[in-house]
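Everything below concerns the one structure shown next.
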Amino acid sequence: MKGLNMRGPLSGCLVGYLRAYLRAYVKASAGVLLVVLASAAQAQWANGEIRRIDAQNLRLTIKHGEIKALDMPPMTMVFYVKDPVLLQGLAVQDTIEFQASLEGTKYYLTEVKKLNP
């Protein structure tokens with residue numbers, strides 16, 4: 001067996017199939033890449049200052065700047081926390097950087113970084 005004979009009526013069909021498959025694969029890959037990039041763009045950090053900590057009810061009141069990912073203007077509001085570990089080391093008047101998400105009608109902190117030492 002010396003190799004495949006790529007001449008003949010079937011070779012054109014195979015090449016056409018491979019081209020169509022590769023085009024579809026590239027389009028699908030580009031779509032996945034766009035979804036990943038859009039998700040990354042939405043995960044933007046916002047700045048704020050902690051005004052109140054309600055550890056018992058897993059809530060933080062934050063005076064924050066604009067949150068572009070949530071299309072939210074600057075204001076002071078309550079954010080819920082699912083993981084109590086996010087509250088550790090935080091105090092009233094701390095300047096923070098955070099990410100938040102909207103789930104139903106509640107806003108949740110998903111990540112928090114303390115900016116002042």
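Find all pairs meeting these conditions: Cβ atoms under 8 angstrom apart; at least six residues apart or on different chains; first residue within segment 104-117 and among the basic types (Lys, Arg); second residue outside any strand (DSSP E or B). From residues that are among the basic types (Lys, Arg), the pairs are 113/45; 114/89; 114/90; 114/94. Screening residue 25 with (1) closer than 30 Å to residue 97 by Cα; (2) at pLDDT 65 or above; (3) not hydrophobic (A, V, I, L, M, F, W, C) gives one miss only, at (1).
The values are calculated or read from the model by the stated rules, or taken from the named source; none is laboratory data. Since we're looking at a predicted model, the values are computed, not measured. All Cβ positions, glycine included, derive from the backbone under ideal geometry; neighbour counts span all protein chains shown.
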